[in-house]
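Only one structure is covered here, and it is reproduced in the block below.
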Amino acid sequence: MSLNYERMQSIAYTYALIPALKKLYPNKEDMIPALQRHLELFNTNATAGGLILGTTLAMEEEKANGADIDGQAISAIKTSLMGPLAGIGDTLRQGTLIPIIGSIAIALGQAGNLFAPIFYMLATLALNWGISHTLFMKVYDKGTAFVAEFFQGNRMEKIMTIITTMGSVTIGALAANTVKLSTPLELTLGEKVLNIQADILDSVILNLLPFCAVMLVFWLIGKKKVSINKVIIGIFVVGIV
């Protein structure tokens with residue numbers, strides 16, 4: 001993985017293709033245009049990007065073998081796929097699978113199990129490599145036909161709905177189990193003492209304060225565009241007070 005502000009992931013993408021391009025274009029003059037088109041701006045989700053890599057490699061192979069494929073067509077399919085796959089990959093990985101793996105690792109860590117960080121590293125490595133490799137091999141075997149099949153009808157909308165729903169449920173469960181917030185305040189009414197936490201808040205909605213804290217953080221980051229570092233520092237300060 002390599003990233004720069006000028007062309008984002010283009011260097012890493014080209015580097016991944018170079019071994020194959022050397023075999024496909026032994027003539028230097030044929031190799032130069034291939035390197036130039038893959039060094040153009042490229043940015044997508046790194047895990048789902050294997051699908052685009054397999055597609056372009058299949059097209060490069062067909063082109064090198066004499067098929068009437070224009071270099072601009074290869075660039076165009078990269079450009080058209082990188083946006084949708086970024087949304088799918090980010091939702092699937094960061095929004096769903098990583099929170100699930102993270103919640104398991106957190107639970108192990110809270111129980112004092114030293115395997116927790118090792119599990120997290122191994123699981124994320126298997127996730128990244130498994131999805132990327134599988135997508136790459138599938139689409140390379142079938143070429144552009146796989147892409148057409150993948151995006152046909154309303155299959156994409158269904159996939160996004162399922163992934164988004166699963167991600168929301170996972171993040172909600174993770175927040176409910178890991179965010180701890182309560183108040184020791186009590187309200188005295190004559191001879192009766194009401195514990196605000198147990199007698200009022202918990203009777204309305206269990207874990208209401210943690211839920212409000214999570215929603216406040218989402219609101220600050222999403223709507224008010226407050227930097228994550230400021231939010232973290234603010235949580236530390238409020239927690240200490």
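Within the stretch 162-188, residues that are in contact (Cβ under 8 Å) with a residue 24 or more places away in the chain sit with their Cβ atoms under 7 Å from residues that are open to solvent by 50 Å² or more (accessible area, probe 1.4 Å), at 6+ positions apart or across chains, in these pairs: Ile163/Leu92; Thr170/Ile100; Ala176/Asn207; Thr178/Ile106. Does Leu220 fit the bill of being surrounded by 11 or more Cβ atoms within 10 Å (Cβ to Cβ) and assigned to a loop (DSSP other than H, G, I, E, B)? Against the criterion (surrounded by 11 or more Cβ atoms within 10 Å (Cβ to Cβ) and assigned to a loop (DSSP other than H, G, I, E, B)), Leu220 does not qualify.
So for the stretch 152-163 (the condition being in contact with a helix residue (DSSP H, G or I) (Cβ under 7 Å, 6 or more places away or on another chain), open to solvent by 90 Å² or more (accessible area, probe 1.4 Å), among the acidic types (Asp, Glu) and farther than 23 Å from Ile101 by Cβ), does at least one residue qualify? For the stretch 152-163, residues in contact with a helix residue (DSSP H, G or I) (Cβ under 7 Å, 6 or more places away or on another chain), open to solvent by 90 Å² or more (accessible area, probe 1.4 Å), among the acidic types (Asp, Glu) and farther than 23 Å from Ile101 by Cβ: absent. Among helices (runs of 4 or more DSSP H) entirely within the stretch 38-136, having at least 2 residues that are surrounded by 20 or more Cβ atoms within 10 Å (Cβ to Cβ) and among the small types (Gly, Ala, Ser) singles out 49-64. Residues that are open to solvent by less than 100 Å² (accessible area, probe 1.4 Å) and either basic (Lys, Arg) or farther than 14 Å from Gly49 by Cα (or both) within the stretch 12-29 comprise Ile18, Pro19, Ala20, Leu21, Leu24, Tyr25, Asn27, listed in sequence order. Just a yes or no: is a residue in the stretch 199-217 over 22 Å from Ala105 (Cβ atoms), at pLDDT 80 or above and not in a helix (DSSP H, G or I)? So far as the stretch 199-217 goes, yes, one or more of its residues are over 22 Å from Ala105 (Cβ atoms), at pLDDT 80 or above and not in a helix (DSSP H, G or I).
For first residues located in the stretch 111-137 and more than 12 Å from Ile98 (Cβ to Cβ) and in contact (Cβ under 8 Å) with a residue 12 or more places away in the chain, partners that are part of a helix (DSSP H, G or I) and open to solvent by less than 50 Å² (accessible area, probe 1.4 Å) and lie 6+ apart or on another chain with Cβ distances below 6 Å form the pairs Phe119/Ala105; Ser132/Gly50; Leu135/Gly50; Leu135/Leu51; Phe136/Gly50; Phe136/Leu53; Phe136/Gly54.
The values are calculated or read from the model by the stated rules, or taken from the named source; none is laboratory data. The structure presented is a predicted model; accordingly, all values stated were derived computationally and were not measured. No Cβ is skipped: glycine too gets one built from the backbone with ideal geometry, and neighbour counts run over all protein chains shown. Just the protein is used for accessible areas: all its heavy atoms, side chains included, with ligands, DNA and RNA removed. Shrake-Rupley method; radii C 1.70, N 1.55, O 1.52, S 1.80 Å.
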